[in-house]
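A.B. asks: Before anything else, here's the structure in question.
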Amino acid sequence: MYKEFLKTIENNNLIKNGDRVLVGLSGGADSVYLLRALLAIKEEHNLSISAAHINHGIRETAKRDEDFVKDLCDKFSVPLFIDHINMNDIAKKYKITSEEAGRKARYNFFNSIENIDKIALAHNLDDNAETILFRIIRGTGIQGLTGIPINRDKIIRPILNTKRIEIIEELKALNQEYMVDETNLSNDYTRNKIRNLLIPYIEEEFNNKFKDALIRLKDNSIDSLEIINNIKFDFEIDKSLPVENLLNLSKPERFLVYRKYLEKYHSNIDLSQIHFEAIDSLIYLENNSGVDLAGGLRFERHNDELSILKDTYKKCIILKDTFLKMGINKTDFGTFYVSSEEIEDSFSLPKHFLDNLKVRSRKPGDKFKPKGLNGSKKLKDFFNDIKVSPYKRDFVPILLFNDKIIYVVPYRKAEFEETNEKIWIRWEKNERND
């Protein structure tokens with residue numbers, strides 16, 4: 001019982017003694033099996049086990065599944081967290097697929113639960129094979145062939161090497177009930193067509209161990225990718241990629257740079273070869289050219305550099321306006337130390353500005369009068385003049401007194417009347433300002 005589960009945990013060090021493990025519990029066979037498997041080793045590993053269930057609000061049987069999960073957790077004294085959403089509404093709001101909306105909602109909910117060391121998800125070997133084939137059909141590169149990761153950050157997948165048929169057989173042996181999501185039986189979705197139609201056809205007509213072959217392809221790709229990832233370049237992969245450096249590389253090397261760049265700054269995006277071709281085309285185009293990719297992601301060429309420009313910055317990261325007071329001010333733009341005495345690496349402002357001194361992000365139509373220049377200037381034009389990359393601009397602190405821009409930190413003060421009574425401010429930026 002639980003043979004592959006136990007081997008996977010041991011070989012990949014997925015669980016430590018005393019871990020607090022949250023199980024994503026849908027009520028389906030896989031998640032029920034995962035919960036039972038973890039409960040079987042609970043005492044041996046001194047685990048604290050809880051579960052999380054999301055009612056997606058789109059199936060008539062969703063309430064049935066929720067009630068089943070409640071009863072199951074009551075039976076085994078497992079603390080349960082429940083969230084109710086409507087993933088179709090979320091999909092419409094953010095203009096994404098319902099499947100992607102459900103996935104985002106699940107991860108957001110799981111990560112919102114406090115005092116958790118590991119989040120255990122119930123992807124199995126069949127899920128992994130289906131994912132790999134799905135990516136092959138879309139035209140993936142070697143990264144996509146590595147399949148679903150066994151762990152990442154808090155996420156662990158202890159039954160990723162367990163076949164679905166073994167899960168069903170062991171649940172029967174336990175006399176353990178589970179719920180069936182009828183949408184998995186429908187062939188309205190591409191993944192369901194792969195699971196219910198394509199793979200069975202290939203297994204019957206060509207290779208009855210086709211899923212095993214896909215898993216071997218995954219293992220070989222992981223080994224190859226490890227070698228590729230050790231390739232070093234003469235420049236650091238930073239938040240923008242100089243076109244001059246890219247032109248000195250071969251096309252395969254450039255694609256590797258793009259992939260490493262995305263892993264570093266936008267790890268949740270899965271792009272196909274066509275997307276990488278689109279990114280690569282920018283090195284031969286003019287500045288301010290761009291390409292739109294998946295997930296609201298946009299690559300732009302600006303000042304002979306390529307960088308991510310995401311509309312999702314504004315959707316997913318809300319930068320709060322903050323009024324600054326004397327002392328330490330922690331803001332979404334970094335920390336501002338305000339003192340009545342001069343401090344190291346600080347700038348000065350008239351003391352009366354502190355009566356209504358605010359920091360915020362840029363807004364459309366912002367203008368100010370840069371010190372030393374004649375007349376006002378649009379903030380957008382100012383950023384263009386001093387070559388601030390587009391991905392940085394939303395995170396530049398804009399200081400205002402009485403809603404009038406007085407300093408674009410740390411680039412330029414505005415024209416204003418100086419006074420003898422001053423305050424000194426030292427700004428410590430956070431990572432987003434880099």
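The values are calculated or read from the model by the stated rules, or taken from the named source; none is laboratory data. Remember, it's a predicted structure, so these values are computed and weren't measured experimentally. Cβ sites come from the backbone with ideal geometry, for glycine too, and all protein chains shown count toward neighbours.
A.B. asks: Suppose the filter is assigned by TED's automatic domain parsing to the domain that holds Asn175, touching a residue at least 12 places away in the same chain (Cβ under 8 Å), at positive phi and not aromatic (Phe, Trp, Tyr); does Gly24 pass it? Full working, then the answer.
C.D. replies: Working: assigned by TED's automatic domain parsing to the domain that holds Asn175: yes; touching a residue at least 12 places away in the same chain (Cβ under 8 Å): yes; at positive phi: no; not aromatic (Phe, Trp, Tyr): yes.
Answer is no for this residue.
A.B. asks: List every residue pair whose Cβ atoms lie under 6 Å apart, where the two residues are 6 or more positions apart in sequence or sit on different chains, the first residue falls within the stretch 403-417 and is over 15 Å from Lys378 (Cβ atoms), and the second residue, located anywhere, is among the hydroxyl-bearing types (Ser, Thr, Tyr) and surrounded by fewer than 20 Cβ atoms within 10 Å (Cβ to Cβ).
C.D. replies: As it stands, the answer is none, since no pair meets every condition given.
A.B. asks: Given the criteria under 17 Å from Val180 (Cβ atoms) and either within 27 Å of the chain's Cα centre (by Cα) or touching a residue at least 24 places away in the same chain (Cβ under 8 Å) (or both), does Glu66 qualify? Before you say what the answer is, go through the steps one by one.
C.D. replies: On the way: under 17 Å from Val180 (Cβ atoms): yes; either within 27 Å of the chain's Cα centre (by Cα) or touching a residue at least 24 places away in the same chain (Cβ under 8 Å) (or both): yes.
When the stated conditions are applied, Glu66 passes them.
A.B. asks: If you check every pair at least six apart or on different chains, which have Cβ atoms under 9 Å apart with a residue in the stretch 335-358 that is at positive phi first and a residue that is part of a strand (DSSP E or B) and surrounded by 13 or more Cβ atoms within 10 Å (Cβ to Cβ) second?
C.D. replies: Listed by first residue and then by second, the contacts come to Asp345/Arg426; Asp345/Trp427.
A.B. asks: Follow-up. Within the stretch 161-184, work out how many residues are acidic (Asp, Glu), over 31 Å from the mean Cα position of the chain (by Cα) and either surrounded by 13 or more Cβ atoms within 10 Å (Cβ to Cβ) or farther than 26 Å from Ile150 by Cα (or both). Spell out how you get there, then give the answer.
C.D. replies: Within the stretch 161-184, the first condition is being acidic (Asp, Glu), and the residues that meet it are 166, 169-170, 177, 181-182.
Subsequent filtering for residues that are over 31 Å from the mean Cα position of the chain (by Cα) retains 166, 169-170, 177.
So of that shortlist, the ones also either surrounded by 13 or more Cβ atoms within 10 Å (Cβ to Cβ) or farther than 26 Å from Ile150 by Cα (or both) come out as 166, 170, 177.
Within the stretch 161-184, residues that are acidic (Asp, Glu), over 31 Å from the mean Cα position of the chain (by Cα) and either surrounded by 13 or more Cβ atoms within 10 Å (Cβ to Cβ) or farther than 26 Å from Ile150 by Cα (or both) number 3.
A.B. asks: For Glu44, work out the one condition from (1) under 27 Å from the mean Cα position of the chain (by Cα); (2) part of a helix (DSSP H, G or I); (3) not hydroxyl-bearing (Ser, Thr, Tyr) it doesn't fulfil.
C.D. replies: Among (1) under 27 Å from the mean Cα position of the chain (by Cα); (2) part of a helix (DSSP H, G or I); (3) not hydroxyl-bearing (Ser, Thr, Tyr), the lone unmet condition for Glu44 is (1).
A.B. asks: Moving to a separate point now. Within the stretch 90-99, take every residue that is assigned to a helix (DSSP H, G or I) and in contact (Cβ under 8 Å) with a residue 40 or more places away in the chain and give me the one that is farthest from Gly24 (Cα to Cα).
C.D. replies: Let us first name the residues in the stretch 90-99 that are assigned to a helix (DSSP H, G or I), namely 90-94, 98-99.
Going one step further and asking which of them are in contact (Cβ under 8 Å) with a residue 40 or more places away in the chain, we end up with 94, 98-99.
Details: Tyr94: 24, Ser98: 19, Glu99: 16 Å.
Taking the candidates together, the pick is Tyr94.
A.B. asks: Still on this structure, I have one more. Just one of (1) within 30 Å of Asn187 (Cα to Cα); (2) among the aromatic types (Phe, Trp, Tyr); (3) at pLDDT below 95 trips up Phe206, so point out which.
C.D. replies: (3)
A.B. asks: Can you pull out every residue in the stretch 230-270 that is under 17 Å from Asp304 (Cβ atoms), in contact (Cβ under 8 Å) with a residue 40 or more places away in the chain and in a loop (DSSP other than H, G, I, E, B)?
C.D. replies: Across the stretch 230-270, the qualifying residues are Lys239, Ser240.
A.B. asks: What residue, of Lys380, Lys387, Lys422, is of a type in the set (Lys, Arg), surrounded by 13 or more Cβ atoms within 10 Å (Cβ to Cβ) and either under 30 Å from Phe299 (Cβ atoms) or out of contact with any helix residue (DSSP H, G or I) (no Cβ under 7 Å at 6 or more places or on another chain) (or both)? Spell out how you get there, then give the answer.
C.D. replies: On the way: Lys387 fails: surrounded by 13 or more Cβ atoms within 10 Å (Cβ to Cβ); Lys422 fails: either under 30 Å from Phe299 (Cβ atoms) or out of contact with any helix residue (DSSP H, G or I) (no Cβ under 7 Å at 6 or more places or on another chain) (or both).
Just one listed residue meets the conditions, Lys380.
A.B. asks: Does Ser361 fit the bill of being buried (at least 17 other Cβ atoms within 10 Å of the Cβ), under 30 Å from Arg301 (Cα atoms) and among the small types (Gly, Ala, Ser)? First the steps, then the outcome.
C.D. replies: Numbers: buried (at least 17 other Cβ atoms within 10 Å of the Cβ): yes; under 30 Å from Arg301 (Cα atoms): yes; among the small types (Gly, Ala, Ser): yes.
Criteria met by Ser361.
A.B. asks: Which members of the stretch 407-421 meet the condition of being outside any strand (DSSP E or B) and either of a type in the set (Ser, Thr, Tyr) or assigned by TED's automatic domain parsing to the domain that holds Leu306 (or both)? Give the derivation first.
C.D. replies: Step one: filter the stretch 407-421 for residues outside any strand (DSSP E or B), giving 409-411, 415-421.
Listed by number, the residues that qualify are Tyr411, Thr419.
A.B. asks: Scanning the stretch 186-209 for residues that are hydrophobic (A, V, I, L, M, F, W, C) and under 15 Å from Glu130 (Cβ atoms), which turns out surrounded by the fewest Cβ atoms within 10 Å (Cβ to Cβ)?
C.D. replies: Of the stretch 186-209, the ones hydrophobic (A, V, I, L, M, F, W, C) are 194, 197-199, 202, 206.
Of the ones still in play, those that are also under 15 Å from Glu130 (Cβ atoms) are 194, 197-199, 202.
On the way: Ile194: 19, Leu197: 11, Leu198: 16, Ile199: 18, Ile202: 17.
In this case the residue turns out to be Leu197.
A.B. asks: Same structure again: In the stretch 345-406, which strands (runs of 3 or more DSSP E) lie fully inside it and hold 2 or more residues that are touching an Asp or Glu at 6+ places or on another chain (Cβ under 7 Å)? Show your work before the answer.
C.D. replies: Working: elements: 347-350, 357-360, 398-401.
By residue number, 357-360.
A.B. asks: Scan the helices (runs of 4 or more DSSP H) fully inside the stretch 118-214 and keep the ones with 2 or more residues being aliphatic (A, V, I, L, M) and touching a helix residue (DSSP H, G or I) at 6+ places or on another chain (Cβ under 7 Å).
C.D. replies: Correct list: 125-138, 164-173, 199-205.
A.B. asks: State all residues of the stretch 117-154 that are in contact with a strand residue (DSSP E or B) (Cβ under 6 Å, 6 or more places away or on another chain) and surrounded by fewer than 19 Cβ atoms within 10 Å (Cβ to Cβ); if no residue qualifies, say none. Working first, answer last.
C.D. replies: So in the stretch 117-154, the residues in contact with a strand residue (DSSP E or B) (Cβ under 6 Å, 6 or more places away or on another chain) come out as 117-121, 154.
Within the stretch 117-154, Asp117, Lys154 qualify.
Condition check ((1) closer than 30 Å to Asn287 by Cα; (2) among the hydrophobic types (A, V, I, L, M, F, W, C)) across all residues:
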position: Leu198; (1), (2): no, yes
position: Lys209; (1), (2): no, no
position: Ala213; (1), (2): no, yes
position: Arg216; (1), (2): no, no
position: Leu225; (1), (2): no, yes
position: Ser240; (1), (2): yes, no
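A.B. asks: Quick test for you: out of His45, His56, His84, pick the one residue that is surrounded by fewer than 20 Cβ atoms within 10 Å (Cβ to Cβ) and either more than 20 Å from Ile159 (Cβ to Cβ) or modelled with pLDDT under 95 (or both). Reasoning before the result, please.
C.D. replies: Values: His45 fails: either more than 20 Å from Ile159 (Cβ to Cβ) or modelled with pLDDT under 95 (or both); His56 fails: surrounded by fewer than 20 Cβ atoms within 10 Å (Cβ to Cβ).
That would be His84, the only listed residue that is surrounded by fewer than 20 Cβ atoms within 10 Å (Cβ to Cβ) and either more than 20 Å from Ile159 (Cβ to Cβ) or modelled with pLDDT under 95 (or both).
A.B. asks: Restricting to the stretch 232-282, what's the tally of residues that are within 22 Å of Arg138 (Cβ to Cβ), surrounded by 13 or more Cβ atoms within 10 Å (Cβ to Cβ) and β-branched (Val, Ile, Thr)?
C.D. replies: 3
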